[in-house]
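To keep things clear, I will list the structure first and then write my remarks on it.
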Amino acid sequence: MKHFPAGIALTALFTAMLFFPKAVFNGASEGLLLWFQIIVPTLFPFLVITNLLMSSGGLRFIADVFGKPFRCLFRVSQNGAFAVLSGFLCGYPMGAKVTADLLRKKLITKEEAQYLLSFCNNTSPIFIINYIVWKTFGQKDLLFPTLSILILTPALLSFIFRRFYLRGQKYFTEPSRDPGSQKSSFRFSDLDACLNDSFEAIVKVGGYIIIFSVLLSLLSILPIRKDLFLMTAPALEMTNGILLLKERIHNLFLCYPAVLALTSFGGLCAAAQTQCMLDGTGLPFLPYIIEKLAAALAASLLAILYLLFLYPS
């Protein structure tokens with residue numbers, strides 16, 4: 001009986017797909033194009049290079065360079081600094097993947113992994129600049145405030161979240177490891193393994209994007225109220241959801257906070273990708289969702305304050 005609600009929902013989805021094949025085709029096409037044209041070029045190279053860094057001595061070099069400043073600012077270990085860097089620069093779901101990989105390799109503790117996951121899985125600055133500022137709003141005066149809000153919000157929330165995970169410690173410490181267990185040489189077999197892992201991850205991400213794009217397409221043809229549709233549909237998939245908000249909400253004072261809230265949360269598609277990356281780590285998923293919702297609320301409030309007091313009228 002515990003599988004009954006899921007079975008009913010999947011049966012209803014299957015029936016809807018049979019009755020509305022055009023919507024399914026359009027949604028799948030949009031999702032595939034989004035994955036091929038945007039996600040693969042921007043995410044796949046980072047998947048490969050982060051895997052290579054963790055399988056060679058590159059991780060230790062980055063930890064030595066960024067370990068101290070990030071340790072002082074975020075209270076993370078030296079290896080945890082790599083997750084902070086990846087999570088803020090590379091986009092969803094790289095923060096979650098790097099955190100999970102570090103935990104699997106026993107380079108960070110489970111408590112630090114939970115803390116890193118609370119604020120290090122974010123939208124990349126490249127996506128923010130190109131897609132949100134230039135393509136969606138087309139206003140160059142929104143560049144600095146948008147970047148500032150979406151980057152500073154998780155960084156500032158980390159000061160609150162760390163209190164739940166540090167448990168009286170001043171800093172997170174790395175697990176004890178054999179000094180000789182960290183490889184420093186490079187072999188092409190390592191590249192082959194990294195490519196296989198990266199291809200698997202990017203295909204999974206693409207699958208989730210296509211599925212949620214189909215759901216969004218099916219939802220758009222249902223006879224539901226406009227306000228209810230705008231409250232539910234954009235949350236399915238972030239990229240299409242941002243365009244949907246911009247198309248349906250013409251008031252900047254309503255659209256801009258909504259877009260920043262959605263971007264900060266990442267949408268249900270990014271959440272599903274994140275859970276996929278955490279598979280086998282034992283990291284709880286519900287706290288991550290709560291923390292991302294808190295970030296979405298904070299980002300929307302900061303966006304409203306900016307529009308009220310700093311936006312040039």
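The values are calculated or read from the model by the stated rules, or taken from the named source; none is laboratory data. No experiment lies behind these values; they were computed from the predicted model shown. Glycine also receives a Cβ, built like all others from the backbone with ideal geometry; neighbour counts cover every protein chain displayed.
Of everything in the stretch 142-177, what is touching a Lys or Arg at 6+ places or on another chain (Cβ under 8 Å) and surrounded by 13 or more Cβ atoms within 10 Å (Cβ to Cβ)? Give them in sequence order.
ARG162, LEU166, TYR171, PHE172, PRO175
Hey, among the residues in the stretch 281-313 that are within 26 Å of GLN139 (Cα to Cα) and among the polar types (S, T, N, Q), which one's surrounded by the fewest Cβ atoms within 10 Å (Cβ to Cβ)? Steps first, please.
So in the stretch 281-313, the residues within 26 Å of GLN139 (Cα to Cα) come out as 295-313.
From what's left, among the polar types (S, T, N, Q): 300, 313.
Values: SER300: 21, SER313: 3.
It comes out as SER313.
Can you tell me which residue is modelled with the highest pLDDT among those in the stretch 47-88 that are β-branched (Val, Ile, Thr) and in a helix (DSSP H, G or I)?
Step one: of the stretch 47-88, the residues β-branched (Val, Ile, Thr) are 48-50, 62, 65, 76, 84.
Checking the rest, the ones that are also in a helix (DSSP H, G or I) come to 48-50, 62, 65, 84.
Values: VAL48: 92, ILE49: 91, THR50: 90, ILE62: 87, VAL65: 89, VAL84: 96.
Looking at residues that are β-branched (Val, Ile, Thr) and in a helix (DSSP H, G or I), I get VAL84.
What single numbered condition from (1) without any contact (Cβ under 8 Å) to a residue 60 or more places away in the chain; (2) in a helix (DSSP H, G or I); (3) aliphatic (A, V, I, L, M); (4) more than 20 Å from LEU142 (Cβ to Cβ) fails to hold for VAL205?
Answer for VAL205: the failing condition is (1).
Of all residues in the stretch 252-300, which are under 14 Å from the mean Cα position of the chain (by Cα) and hydroxyl-bearing (Ser, Thr, Tyr)?
Of everything in the stretch 252-300, those that are under 14 Å from the mean Cα position of the chain (by Cα) and hydroxyl-bearing (Ser, Thr, Tyr) turn out to be THR263, SER264, THR274, TYR288.
Matching residues to (1) touching a Phe, Trp or Tyr at 6+ places or on another chain (Cβ under 9 Å); (2) among the aliphatic types (A, V, I, L, M):
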site	(1), (2)
SER189	no, no
ILE209	yes, yes
LEU218	yes, yes
LYS226	no, no
ALA235	yes, yes
LEU252	yes, yes
LEU262	no, yes
LEU268	yes, yes
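Of all residues in the stretch 90-117, count the ones that are over 11 Å from the mean Cα position of the chain (by Cα) and either assigned to a helix (DSSP H, G or I) or without any contact (Cβ under 8 Å) to a residue 40 or more places away in the chain (or both). Let's see the steps before the verdict.
Within the stretch 90-117, the first condition is being over 11 Å from the mean Cα position of the chain (by Cα), and the residues that meet it are 98-116.
Pick out the ones that are also either assigned to a helix (DSSP H, G or I) or without any contact (Cβ under 8 Å) to a residue 40 or more places away in the chain (or both) and you get 98-104, 110-116.
Within the stretch 90-117, residues that are over 11 Å from the mean Cα position of the chain (by Cα) and either assigned to a helix (DSSP H, G or I) or without any contact (Cβ under 8 Å) to a residue 40 or more places away in the chain (or both) number 14.
Yes/no matrix, rows are residues, columns are (1) on the phi > 0 side of the Ramachandran plot; (2) crowded, with 24+ Cβ neighbours inside 10 Å; (3) assigned to a helix (DSSP H, G or I):
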site: ILE224; (1), (2), (3): no, no, no
site: MET231; (1), (2), (3): no, no, yes
site: GLY241; (1), (2), (3): no, yes, yes
site: LEU245; (1), (2), (3): no, no, yes
site: HIS250; (1), (2), (3): no, no, no
site: ALA272; (1), (2), (3): no, no, yes
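Pull out all pairs, ordered by first then second residue, where Cβ-Cβ is under 7 Å, the residues are six or more apart or on different chains, the first lies in the stretch 216-240 and is at pLDDT 80 or above, and the second is assigned to a loop (DSSP other than H, G, I, E, B).
Final answer for the pair search is LEU216/LEU236; LEU216/GLU237; LEU218/PHE20; ILE221/PHE20; MET238/GLY266.
Which of the residues spanning the stretch 279-294 are within 23 Å of ILE211 (Cα to Cα) and either modelled with pLDDT of 95 or more or in a helix (DSSP H, G or I) (or both)?
If the condition is that a residue be within 23 Å of ILE211 (Cα to Cα) and either modelled with pLDDT of 95 or more or in a helix (DSSP H, G or I) (or both), then PHE285, LEU286, TYR288, ILE289, LYS292, LEU293 are the ones that fit.
Could you list all residues from the stretch 257-278 that are free of Cβ contacts under 8 Å to residues at least 24 places away in the same chain and either farther than 27 Å from VAL133 by Cβ or polar (S, T, N, Q) (or both)?
Filtering the stretch 257-278 for residues free of Cβ contacts under 8 Å to residues at least 24 places away in the same chain gives 271, 275.
Passing the criteria: only GLN275.
Residue pairs, Cβ under 6 Å, 6 or more apart or interchain, first in the stretch 119-137 and closer than 17 Å to LEU152 by Cβ and in contact (Cβ under 8 Å) with a residue 60 or more places away in the chain, second in a loop (DSSP other than H, G, I, E, B) and of a type outside the set (Phe, Trp, Tyr). List them.
Final answer for the pair search is THR123/GLY91; SER124/CYS90; SER124/GLY91; PHE127/GLY91.
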